[in-house]
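K.L.:
Let me begin by handing over the structure; questions about it come next.
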There are 4 protein chains.
Amino acid sequence: MIEPGELIQLQKTRGKNYIRCVPETDSIKMADGRITAEQITNSHYGDFVYTHRGGEYRLVMATLSDLVKGVRRETQIIYPKDIGFILMKLRVFPGARVIDAGAGSGSLAAAFAWFVGQEGAVYCYERRADFCDLCRRNLEQFNLENRVEIREQDVEEGFEQNSVDAVFVDIRTPWTCLDAVQAGLKPGGLVGFLLPTTNQVSSLLEALRETSLDEPEVAEILLRHYKGNPERLRPDDRMVGHTGYLLFSRYHPEVVA
Amino acid sequence: MIEPGELIQLQKTRGKNYIRCVPETDSIKMADGRITAEQITNSHYGDFVYTHRGGEYRLVMATLSDLVKGVRRETQIIYPKDIGFILMKLRVFPGARVIDAGAGSGSLAAAFAWFVGQEGAVYCYERRADFCDLCRRNLEQFNLENRVEIREQDVEEGFEQNSVDAVFVDIRTPWTCLDAVQAGLKPGGLVGFLLPTTNQVSSLLEALRETSLDEPEVAEILLRHYKGNPERLRPDDRMVGHTGYLLFSRYHPEVVA
Amino acid sequence: MIEPGELIQLQKTRGKNYIRCVPETDSIKMADGRITAEQITNSHYGDFVYTHRGGEYRLVMATLSDLVKGVRRETQIIYPKDIGFILMKLRVFPGARVIDAGAGSGSLAAAFAWFVGQEGAVYCYERRADFCDLCRRNLEQFNLENRVEIREQDVEEGFEQNSVDAVFVDIRTPWTCLDAVQAGLKPGGLVGFLLPTTNQVSSLLEALRETSLDEPEVAEILLRHYKGNPERLRPDDRMVGHTGYLLFSRYHPEVVA
Amino acid sequence: MIEPGELIQLQKTRGKNYIRCVPETDSIKMADGRITAEQITNSHYGDFVYTHRGGEYRLVMATLSDLVKGVRRETQIIYPKDIGFILMKLRVFPGARVIDAGAGSGSLAAAFAWFVGQEGAVYCYERRADFCDLCRRNLEQFNLENRVEIREQDVEEGFEQNSVDAVFVDIRTPWTCLDAVQAGLKPGGLVGFLLPTTNQVSSLLEALRETSLDEPEVAEILLRHYKGNPERLRPDDRMVGHTGYLLFSRYHPEVVA
C-alpha cells in the first residue's frame, strides 16, 4: 500500500510523467481530472489509477532521476547523467552545506537537497524572480523546500555563506563569479561548473589561472539507452548528443604566514 | 588547517593517489616512508608533505569520486560515472536501507554507505572470503564501516533483509538471484544490475519477463575527459571505451486479493 | 556554369534535398513545379532557382554523401559514416568487382558503383522485386546504373560470380549465406556485414568459427555534428545513437595440397 | 597464390603490421631477416612465412585501411574512420583532381591516390622537406606515387592548380590559406579540414564568414571496437577518444555579372 507523504510518479500512458506527493485526504489534480488520496492509498506500486474523467496513470515510486527530469521547467535543466557525476565530484554528503549558483528550475537543487538530508543545507542563488518562484514550487512539490534557501540575487554580488563544502555554478559567464566562489568555499572545498559551449570552457580555464581554484578537470558524459528486447538488443536510434561540459576544481588558497 | 578524522587524498606526483583518514597522533605509513599526523594537521589543502624518506605527496580533500577510485582492488571496480547514475536511479537517500549483491572490492558499497548516512544501512553480500576482507578493509579506510554489514554468502541463497529500498547486483549470472531480489525489496523498490557483456543483458532481460521486476531500462555511460589547455581545448587522445551496461527495474509485485 | 549531365543536389529551404542529373533540354519535375534545364545551366553552384509555381531550391554539387542520403528509400539505408569505413576495410578500388548482398534501396550500391568506376562492377542481390526496382531507379537517378547488375535472388542460393574482390552482406540472417560468400570471394578477399542487433553479432561470430572467414573485427561508428556558431561552439543537442554494428573478415581458404 | 605486384600486409604475431609490394625476384627485407619473393608467391593469403632468421609473419591482403595505418609516420596521421567520411564528403571519384594541403606522412594522400585511380591526380603540398620525403617513400611503398605530385611549399603561398574537384587542409592555421583554397577550387567544389582543437574550429568558422566557402558542417567521428567473443560480446575496454574535428564546406563564388 502507498502511504500519504510518499513521493510518487504518475505515468501517463504514452505521455509525460508527473511527480506528486501523496496527500492525506485531498485529491491530486491532473490536467485531465482528479485522483483521490484514497484511490492512491488503496493502490499498490505498479497499479493503474484513473481520474474522475477517465485519464489513466500508472503509479510508480519516484526516484531522484524521476524528480530531476520531472521539474516544471522554463530553463535548460541539468540531467541525471550529469547530476550523478556532480554529486560524486563535489563531495556532497548528508549534512553538507552546498551553494547552487544559477539555480534555474531547480533540478540540481532538488538533487542536492535530497542528499544533504535534514541536517544539510542548500543555498540557491538565482537573479530572475520568475525562476526563483519556479525553483521554489518544484522543491515544494518534492517536499524538499525546508532544506533549501532560495535567494533572488546575482551571483557576481557574492554569497552570504562562507566555508561551504561545495559550490556549483550554472550561469552564462561563470568567470565573473570566481571571487565569490572562493570567498564562499572552505579550504579544500570543491567547485563545479556546467558549460554548454567550448568557448565557455576555454574562457573559464583561462580565468581559473588567476585564482586559487586548482586542478581543473573537464569532462562530458554521454548516456546511451538500449531497446529492451532481449532477442534484438540494440541502442536507441537517437540519443542526446550534448547537454554541457562539466568542469571541476579544488579550492586551495595560498596561506599568508 | 586539516583536522584529525578528515578523509584526505595523498597525491603522488606523477603517480597514484591514496585515500587516508587523518590520525589523531599516529603516523600515516606510505610505501616510501611515514608522514606524521602533526605534519598533516599543520598543513593546508593543496600543500605538499614529505615522508621521512623524502617521498612527496600533495594533500587534497578526498571526494567520493576519489574514494571509489581509490579502493584497493582485486576485482573490476564500478566507476564514478556509473555510480553517480546508479545513485539517482536506485533512489538512494540518507536513511535508506540498500543491498549490495556481489560487493567485490567495495567501491559501490562505499558510495552507498556515504549517501545513506548514519541512519541508513548497506548490506553487502559477497561469496568470496578474500573479497569480503578486502571490502571491509576499504570501508574501514574510509571510516564508513559502521554503516555496512558484510556477509560472506552467495546471493542465490537469498538475503537476510526484506523491505529494503534498493538492491544492486553485480554478479556474473544475475538471473539466478531474481527471486532473492524480489524477496528482499519492498513493493515499488528499485533494482539495478551491472553487466559487462551484451549476452548477459539479453539473458537478464529475458529472465525478467518471468518476474515482477518491471519496466527494465538498459543504458551505458561514456565519460570523455578533455585536456585542460584553454588555448588548445580538445578531448584526451584515449578514453575508457566500456565498463559495463546498466539495467534498472522496479519491483511491482502482483497482489493477491 | 552548370553542365548537362552533372549530378546536382536541389536543397529545399528548411526542407528535404533532392539529387538530380542536369538534363540536356527537359525540365526537372519537382513536387511543387518544374525547373527548366536552361534555368539550371544558366545558374552557378550556390544560386537559387525557382519552379514555375514558385518553389525555391538551392543548387549545390551532389557529393557521394548527398547521394547515399538522397536515395528514395523503403528500407533502412546505410549511412555515409558507415559507408566510408566500409570502403576502406573492403579494399574497394577503381576496377574492383564487388557483391552487394541484400541491396535494399541501393545506398551502398551507389557508393560501390561510384568508386569502382567504369572498369569495375557491382553485383547486387536482393530477393524482393520491389526493392530491386527501387534500387534500380535510384542508381539510374545517379547515372550509375551501367556499373551495376541487379539480380532478384535470395543470397542463400549463392552468387553467379566468383573471385570477386569483396562482398558486403546486409540481410537479417547473414549466417545463412557464408557458403555463398566463400564461393564468391577470391582468396584473401574481404567481406563485411551490417548488423543492427548484438544478438546478430554474436550469432554471426559463432557461425564464422566454422568457416575460412578469418580475423573478424567488430566495430561501431558514432558521428556527432556540431552547431556552426564560432562564438558558441557545441555539439548538436541530439544525434543518431545507432545505425548498426559492422563486422569485417578476410577469406583465407585452406588449401588442399 | 600471391602475385608479384600485389600489395600485402605482413602481420607480426603480437606485433606491428607492415605493408609491402610483392617483388618479382628480390627479397623483402624486414627488421628480423629476409623473405624471398618465391616464398611469398608460393604462399596463400592467411599463410605464415618466415624470414631467414626465423621471424614469423602472416600474409594478408592489404586493405586501404591497412595502408593508411601502415604509413611510416613522423606526424599525426589521419585515421581510416575519418578518411572514409572525408572521401564521401569531398566527392572524390575515379578521375578526380584533388589537393592535399599539409600532406604530412601521406596517409590521406594514399587514400586519395587509391580512389582517383590512374586518370586522377593528387597534388600534395607540404612545407617541410623531411615530410615530403617521408610522404614520397610511403606512396612508393604502396605503388601509388605515379598518381601524386608532391611539392615542398607552404600552402599560404597558393596552389599551382586551379579548378580542382576538392581540397583537404591539415595545417595548424588553416584560416591563412582560405584565399589559396578558393583560387584552387572549381565552383561548387568541396573543401575539408582536420582540426585537433575546438579553438581552431572556432577560428576557422569565423574566418569562413569572410569567404565564399559556404554551408560549413562540423563533425567528429568516434570508432568503437568490440571484442570478438560471441559468448561475451562487449566493447574494448579502451578506445581512441579523439583524433580531430572535421569541417566541410562548399565553394560558391559570387559571380560578377
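K.L.:
Size of the dipole of chain C about the Cα centre, Lys and Arg at +1 and Asp and Glu at -1 on the beta carbon, nothing else charged, in debye to 20?
P.N.:
That gives chain C a dipole magnitude of about 1060 debye.
K.L.:
When you have a sec, figure out the Kirkwood radius of the stretch C:7-62 from all distinct Cα pair distances and drop it here in Å to one decimal?
P.N.:
So the Kirkwood estimate lands at 10.9 Å.
K.L.:
What ranking do C:TYR125, D:TYR18, A:TYR123 get, fewest neighbouring Cβ atoms within 10 angstrom at the top?
P.N.:
D:TYR18, A:TYR123, C:TYR125
K.L.:
Compute the distance in nm between two label points, each set 7 Å from the Cα along the Cα-to-Cβ direction, one at B:GLU152 and one at C:HIS44.
P.N.:
Modelled inter-label distance: 8.3 nm.
K.L.:
Give me the angle, in degrees from 0 to 90, between the Cα long axis of helix C:80-89 and the longest principal axis of the Cα atoms of chain C, rounded to the nearest 10.
P.N.:
Once rounded, the angle reads 40 degrees.
K.L.:
Would you please name the chymotrypsin sites (Phe, Trp or Tyr not before Pro) within the stretch D:217-257 that are DSSP coil residues with at most 13 other C-beta atoms within 10 Å of their C-beta?
P.N.:
The qualifying sites: there are none.
K.L.:
For the stretch A:9-99, give the magnitude of the charge dipole about the Cα centre (Cβ charges: +1 Lys/Arg, -1 Asp/Glu; no others), in debye to the nearest 20.
P.N.:
So the magnitude is around 460 debye.
K.L.:
Trypsin sites (Lys or Arg not before Pro), restricted to the stretch C:169-237: which are DSSP loop and have at most 15 other Cβ atoms within 10 Å?
P.N.:
Sparse-neighbourhood loop trypsin sites (Lys or Arg not before Pro): C:ARG172, C:ARG209.
K.L.:
Expressed as an acute angle from 0 to 90° and rounded to the nearest 10, what is the orientation of the C-alpha long axis of helix C:107-116 relative to the principal long axis of chain C?
P.N.:
90 degrees
K.L.:
Considering only DSSP beta bridges where both residues belong to chain B, give the percentage that are antiparallel (nearest 5).
P.N.:
Antiparallel bridges make up about 60 percent of those DSSP assigns within chain B.
K.L.:
Put a label point 7 Å from Cα along the Cβ direction on A:GLN76, then list its distances to the equivalent points in the other copies in nm, shortest first.
P.N.:
2.6, 3.1, 3.4
K.L.:
Here's a follow-up. When the convex hull of the C-alpha atoms of the stretch D:35-162 is computed, what volume per residue in Å³ does it have?
P.N.:
Hull volume over Cα atoms, normalised by residue count, gives 132 Å³.
K.L.:
Using Cβ contacts closer than 10 Å as the measure, can you line up A:LYS89, A:LYS29 from fewest to most?
P.N.:
A:LYS29, A:LYS89
K.L.:
Quick check: the angle from helix A:129-141's long axis to the longest principal axis of chain A, C-alpha only, nearest 10 degrees?
P.N.:
Value to nearest ten degrees: 50.
K.L.:
Quick one: putting +1 on the C-beta of Lys and Arg, -1 on the C-beta of Asp and Glu, what dipole do you get for the protein assembly as shown around its Cα centre, in Debye to the nearest 20?
P.N.:
So the dipole magnitude of the protein assembly as shown works out to roughly 0 debye.
K.L.:
Using a 7 Å offset from Cα along the direction of the beta-carbon, what are the separations from A:ARG238 to the same position in each other copy, nm, ascending?
P.N.:
Nearest first, the other copies' label points are 0.2, 3.6, 3.6 nm away.
K.L.:
What nm distance separates the two modelled labels at C:GLU56 and A:LYS29, each placed 7 Å from Cα along Cα→Cβ?
P.N.:
The answer from the label model is 4.6 nm.
K.L.:
If you rank D:GLU254, D:GLU156, D:GLU145 by fewest surrounding Cβ atoms within 10 Å, what's the result?
P.N.:
D:GLU254, D:GLU156, D:GLU145
K.L.:
At C:GLU140, with labels set 7 Å past Cα in the Cβ direction, how many nm apart are the copies from this one, shortest first?
P.N.:
Label-point separations across copies, in nm and ascending: 5.1, 6.8, 8.1.
K.L.:
Could you pull out the pairs from A:LYS12/C:LYS69; A:LYS69/B:LYS186; B:LYS89/C:LYS16; A:LYS69/A:LYS89; D:LYS89/D:LYS227; C:LYS69/D:LYS227 whose alpha carbons sit more than 32 Å apart here? Present the calculation step by step, with values, prior to reporting the outcome.
P.N.:
Values: A:LYS12/C:LYS69 36 Å; A:LYS69/B:LYS186 24 Å; B:LYS89/C:LYS16 40 Å; A:LYS69/A:LYS89 21 Å; D:LYS89/D:LYS227 30 Å; C:LYS69/D:LYS227 30 Å.
Long pairs (Cα-Cα over 32 Å): A:LYS12/C:LYS69; B:LYS89/C:LYS16.
K.L.:
Let me ask you something else. So what's the projected area for chain D, the Cα convex hull averaged over all directions, in nm²?
P.N.:
So the mean shadow area of the Cα hull is 16.2 nm².
K.L.:
Express in whole angstrom the spacing between the alpha-carbon centres of the stretch B:185-257 and the stretch D:159-216.
P.N.:
43 Å
K.L.:
Net charge within 13 Å of B:ARG34 by Cβ-Cβ distance, Lys/Arg positive one each and Asp/Glu negative one each, not counting B:ARG34 itself?
P.N.:
0
K.L.:
Lys/Arg Cβ at +1, Asp/Glu Cβ at -1, dipole of the stretch A:7-62 taken about the Cα centre: which of A:LEU59, A:ASN17, A:VAL49 is farthest positive-ward?
P.N.:
Result: A:ASN17.
K.L.:
Also, I was wondering about something else. Could you work out the pair-distance distribution P(r) of the stretch C:175-257 from its alpha-carbon pairs, with 10 angstrom bin width and percents rounded to whole numbers?
P.N.:
16, 37, 20, 14, 10, 3, 0
K.L.:
So, in Å, what gap is there between the alpha-carbon centers of the stretch B:73-135 and the stretch B:1-48?
P.N.:
If we compute the Cα centre of each part, the gap is 25 Å.
K.L.:
While we're here: Rounded to two decimal places and with Rh computed the Kirkwood way over Cα pairs, what is Rg over Rh for the protein assembly as shown? Mind showing how you got there, number by number?
P.N.:
Numbers: Rg = 31.4 Å, Rh = 31.7 Å.
My calculation puts Rg/Rh at 0.99.
K.L.:
Another question, then. Net charge within 9 Å of C:ASP236 by Cβ-Cβ distance, Lys/Arg positive one each and Asp/Glu negative one each, not counting C:ASP236 itself?
P.N.:
Neighbourhood net charge equals +3.
Read-outs throughout are calculated quantities, based only on the coordinates presented, and are distinct from any laboratory measurement. Not measured: the values here are computed from a predicted model. So basically every Cβ, Gly included, is an ideal-geometry build from the backbone, and we count neighbours across all protein chains shown.
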